[in-house]
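Below: one structure, written as structure tokens.
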Amino acid sequence: MPSAMFLAVQHDCGPMDKSAGTGPKSEEKREKMKRTLLKDWKSRLSYFLQNSSSPGKPKTSKKSKQQTFTKPSPEEAQLWSEAFDELLASKYGLAAFRAFLKSEFCEENIEFWLACEDFKKTKSPQKLSSKAKKIYTDFIEKEAPKEINIDFQTKTLIAQNIQEATSGCFTTAQKRVYSLMENNSYPRFLESEFYQDLCKKPQITTEPHAT
């Protein structure tokens, strides 16, 4: 995919930048780009389902691991619309949401949230410290490779907290990123064609009885 596409999209996963152009041609170009991304969504989802693993844990090729990613029934998929937590609690739903965020160029939000969930479960002080520094380097500091969109004050507080890392180092930032996803990306995911297809019940065709 042309790298120019990635440069054209803002990093905060919000609505597309209005300054990018409002003419018919600009709108048509954005729609064409979006269709191209969504067309590739299913292949991305397949990739995530096969390669998803908890942060900090080695990937496994066991068939039992991959078999946990079974396509949900329409009823199960519909549960995801009841609450954002329902979506995140489903392995398939989480993978689908990650693929969706990737299509919007802001998968760093869910990756940061997952890294924080793993961080909070860490018991060893040594591991806690090393993980805190890695999360800061990957997501928080200026020009970080996966920099998330949080305010300067929160970043400064985190920089101070990781000097003596505790499980609550990233609580404020995680809550803000969660809120950002819940209020912006999650509603768009529920409106997506891919999610709507998952919720559709298969049509039962009945053949006419022979007379």
- Task: Count the net charge of all other residues whose Cβ sits under 15 Å from the Cβ of E164, scoring Lys and Arg as +1 and Asp and Glu as -1.
- Result: +3
- What number in nm² do you get for the range 77-211 if you take the convex hull of its Cα atoms and divide its surface by four? 10.7
- Note on the structure: Residue by residue through the range 93-100, the couplings from Karplus 6.51 cos²θ - 1.76 cosθ + 1.60 with θ = phi - 60°, in Hz, x for Gly and Pro, are x, 5, 5, 5, 5, 5, 5, 5
- A132 neighbourhood, Cβ < 15 Å, K/R = +1, D/E = -1, net charge +3
- Query: With every protein chain present, what is the per residue accessible area of the range 69-197 (1.4 Å probe, Å²)?
  - Reply: 52
- Check: the range 69-197 dipole with +1 on Lys, Arg Cβ and -1 on Asp, Glu Cβ, in debye: 760
- Of the residues N109, S124, W80, the Cα lying farthest along the dipole of the range 73-136 towards its positive end, which is defined by charges on the beta carbon of Lys, Arg, Asp and Glu, belongs to S124
- Leaving out ligands, DNA and RNA, what percent of the accessible area of the range 69-197 is carbon and sulfur, probe 1.4 Å? 48
- Item | 11 Å beta-carbon shell around Y178, net charge (K/R +1, D/E -1) | -1
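The values are calculated or read from the model by the stated rules, or taken from the named source; none is laboratory data. The structure displayed is predicted, hence computed values, not measured ones. Here Cβ is always computed from backbone atoms with ideal geometry, including for glycine, and neighbour counts include all displayed protein chains. The protein model used for the area step is the full one, side chains on, heavy atoms only, and it has no ligands, DNA or RNA in it. Shrake-Rupley method; radii C 1.70, N 1.55, O 1.52, S 1.80 Å.
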